[in-house]
Each structure stands twice: as C-alpha cells, then as structure tokens.
Amino acid sequence: MEPIALRELEKLTICGSCHQKYNDFDLIPKILSCQHYFCFYCIKLKMIKGNEVFCVNCWKKTTLEDQNPSKLPTYVPVLILTNHLPQICQANNNEIRIKICDNERKKENCHVHAMPLALWCQKCSMALCRACATQDSHLNHPTKSLSEAKEQLITEIQQESTGIATLIGDVQKLELKHRQYLLRVLESCVALKSNLEMDLHDSLKTTVPEINEAKELISNIRSNIINTDDIENISRLCQAIQVEKQKLQSRIKEMMVESQIDDYVSNSATILDSQQLKMVLMKFLPKLDLNNALSPASASNDPLLFLSNFCVSQLLVQSIRQNHQDVRVKPIERIQTPPLNLRMDLMASPLPHNGIDYMHTPPPTLNPLYIQQDVNVLPVHSPIQIMTLVRQPSSAYPLYFFNINIDEIPFGRIVIETRPDVAPKMAKNFNILTTGEMGVTYKGCTVFQCWENESIITGDFELNNGKGGRSIYDEGFFLPDDTKFPAVRGAVGMRRSQKRHDSLGMVGSQFRIILQEMRAFTGIFGHVVEGIELVAKIATFGDAVGKPSKTVIITNCGKLN
C-alpha cells in the first residue's frame, strides 16, 4: 500500500476535535446528521446544548432523543479501521512511520486542558494532567507520577497474586480434608449397615430356635401325657413346661424393654443427647450401671458415635437453615432474640502440604458443629452463612447398578453415582452405555484388568481386552470433561485411549474404579456408593501384569433412579 494512503487512513481514525485515536470505550466515533463524526467524549463535553448537537465543522445541528448522545449512530467502519490499522501497518512491514504503528502516542492528552496526562490520582484511580490536579474535584488527593504509580500497582498486583495463590492452596486443602471427612462418614455408614445386618441375622438365629424348641417341647409333653399314667413322669413334664414358661417370660420381658426403647427413639421429636438416653435406659433398666457408658475411652474411634455426631450436626444445620428461610419469607416481623452464629472448626489441626495426609480425625467427643451466642452475633437482616457438610441427597444425581458374576457365580452388585452437572459429556456417555438406549451396553463386559489395592478396568464392549470400546458420540472418542475431581478411593473415571497413535488423551467407553488415591488419574465423573468391598475383592484376582485369574462379568446393568 502506498505511504500516502496509509497516512490518510490514519487521519480517519483520529477525532477531528481532540485529535485522540478512537476506541471502543469513551472515544467511540459517533456520526451526526451532517455526516461529520467525532468521538463520544467531545460530543458530550463540547457540542451538546439541550437536546441538540452542533457540529464544530459546519455548525449544523442534530436533534437528540431524550438528550442522550449515546443514542447517536456509531460510525462502525471507522471503528473497525481503527482497530485493524496496526495489522495493516505490519502487513506493509511498517515502511512508513505512522504514529499508531510506532506506538508514539503512548501518552494521551487531557480532553479538557489538552495537557499531557502526567499524574495518577490514587483516590480516584485515574490519570490527570497538572491542571486537573489543582481543581476542586482532585484537590488534596494523593497523587504520584505515572511511572511511580505504575510500579506501585504492579507491586500490589504481584502481592495480591501471591495471596490468591495461597488462598487457592488453602481452598484445595480444605476441600480435600472435607472429602476425607465425608469418606469417613460413608465408611461409618457401611459399618452401621454391617452391624444392622449382623443384628438381624443374630436375632433370627436366636429367636427361631427358641420358638421351635418351645413348640417341640409342648408337642412332646402333650403326646407323653396321653401315653403315660405315671404320676412322677407327669410331674417331671409339669416342671419342664414351667421352666420353659419362665424362659419365655424372661425373654418377653427383655424384648418388651427393647421395644419400649425403640418406640421412644422412633417417636422422639427432638435430638436425644447422652444424658437423655441414660435416663431412658435407667427408667427401663434400673439395675443397669451406666456410670461408664459412652465414656471417651470406651468409645474411641467408634464409627457409630462418629456417625451419630454427624447426624446430629446435620439436623442442627437443617433446622437453622429452615429457620433462616422462614425469617427471609417474613422480613417485616421483628425478632427479639438475635440469630445464632455458626462456626466450623475446619482448621483444628495444621494441614500438611502433602495431599495424601489431609484427613483430620476429630476426637470422639468433638461435635462437628459449634453454636456460639456470645461472639460475632449477626444483625437480624444479615444472611447466615452456613457451610454445607454433605453434598446433595443421593437422589439428586443418577445412580447406576452393575450386577457382577465371578466364574458364573453371582457375587453382588456395584452402584455408581455420576455427576452430570460437572461432567456432562462423560455422564451422558456413561448413562446411554449403561441403559443400552443406542443398542450398545456394558452388559456382558468383562473386567479385563485388575490391580490389587489400586483399580479395576472394564467397559470394553467391543473387544473386552482394553483395545476397543467407542463412545456414543459420532467421532468415536472425545476429550473428557475437566472436572478437577481427585482420584481417591471409590472414584470412577473414564480410561483414556490406549492406541499408540493417539496422544490426545481421548476417552471412549472404558472406565476405571479406583481403590486408592492416585493423582495421575483424571477424567473422574462419579464414585461408588455401594459395593466398594466387591471392587476390592475383584482387584485381588489380578496377576503381576494386571490380568485377572477369574472371569468377572457384568451380567446386568441399568439406572436405579
């Protein structure tokens, strides 16, 4: 392009009034009815009178709507030319010295006084000329030269960046610590489930033989009474039936006490603390010694005690949240008692920098939730900040079951919960492959890799050896969602393609269930909510290279909710 043409183009990109280059902010080119155009700042400051704008070139007037100059039409071609003129200069190797291309207009002038902007007002955070600094709007404001202000701002940015990096690290540590807390809750639930199953089994194992023994005794006594006339024999039968009656009466008395305690707990409308439970037990069992019951020494590391404290904390959180919602629904009502302030003692122990050791085990008597009335009391109108202790209810996310056979023998099922809100592509792929909506399904897939205490891999519905398994999408393989979920025990993630020519880390249908924390694994989209013990058992079948010694097949799969 000719140098003269470039210079003419440069003139089009500069306001004819203030001689500043147009931009997308306060210096937007606005065109008047006379076809002359100026920047928005000049029109607003110098040319507007009432609802009319007078052109400084021809003095023709342009009528405004609502006295708002921003409604004037923007001269879009000039604005586009302004934004692309530096690229035009670079394309011509900057053969001529145009001010825009050579960055010679670094220091703009004040729009009011046409003086260089040499100062920076620290209070108003804006550049000033020396005349602006003496006016009332900036009088007595702290000012610095632009270079000093720039250095100070850069230093502040660096300090804030360091602080933000530290906060990010703290957030990650607390999140991991919270996950470990929730995993402990989950393990306690599993322990409670095992205890309940054992109680149910022992109850049937004890009660059924007693009933059968009593029935058999009655039957034998009746037959013996008919067939004997010996008074001594009849006396022995009478004594035997009286002993059996006493045994059953004693058993009924014990069961009645258990039933009364069950009814009291089931029908209680309030949270029961240890003292209330002791009073209930003393009422029904007055001879029972409860002085050492529920002591810290006897309850150390008790999963049931931990789970009880967790449930109590959840009830408190739900109650306070509900009360807060009621307050927000009726803001006019005046509350006489101030609301309670909640504090989570999350930093009870120092957090190490190693991500593996973030789990903090609270003491047995430590309640996860503390209520304080004497410090930091919130005003009535301020919202109460409550930290959610658990994720949403399990029904909020999809659940999928996988029935497992080992060497053609049913061994149970695995239930997996996915997170479509965080991993939409992976969750959709997993959903359709589990339900079989498109004709391909995980049903019949084998577990083709097992690593003890590490992970198991399945989901290759094509070859069942880890070399197949396409996704539901047209491209066959896709990039997994970046969920940032940690690969901890119970996590479920997509397995990346094992093709040698594929270096993009694409995923298809194969997925992995993890048994221990492994930071190298990504693509996590769900976790196991039931059957992690079965996964651990399957993982023990792998040899030195991960090949399973037994045939593990998914006999059926589908969606639960």
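Some observations on this one:
- Rounded to the nearest 20 debye, the dipole magnitude of segment 396-559 is 180 debye, with +1 charges on Lys and Arg beta carbons, -1 on Asp and Glu beta carbons, and the Cα centre as origin.
- Whether segment 396-559 is rounded, prolate or oblate, judged on the alpha carbon gyration tensor where a/c under 1.5 counts as rounded: rounded
- What you get for segment 129-182, charging only the Cβ of Lys and Arg (+1) and of Asp and Glu (-1), is a dipole of about 180 debye around the Cα centre.
- Centre separation in Å (Cα based) which lies between segment 195-271 and segment 427-454: 51 Å
- Ordering of 57-66, 514-523, 425-434 by packing is 425-434, 514-523, 57-66, highest average first (other Cβ atoms within 10 Å, averaged per residue).
- As a length-normalised measure over Cα pairs under 8 Å and 6 or more apart, the relative contact order of segment 445-491 settles at 22 percent.
- When S549, S497 are arranged by Cβ crowding within 10 Å, least crowded first, meaning fewest neighbours, the order is S549, S497.
- Here's how it looks for E530: its modeled amide H is under 5 Å from those of V415, which are all 5 or more places away or on a different chain.
- Prolate/oblate/rounded label for segment 3-91 (Cα gyration tensor, a/c 1.5): prolate
- Nearest-20 debye value, segment 3-91 charge dipole, Cβ charges on Lys, Arg, Asp, Glu: 240 debye
- Under 10 Å, Cβ to Cβ, from T82 - net charge with Lys/Arg +1 and Asp/Glu -1: -1
- From least to most packed, judged by other beta carbons within 10 angstrom and beginning with the fewest, L217, L117 follow the order L217, L117.
No value in this document is a laboratory result; all are computed from the given coordinates. It should be emphasised that the depicted structure is a prediction, and the values quoted were computed from it without experimental measurement. Ideal geometry is used to build each Cβ from the backbone, glycine not excepted, and the neighbour counts take in all protein chains shown.
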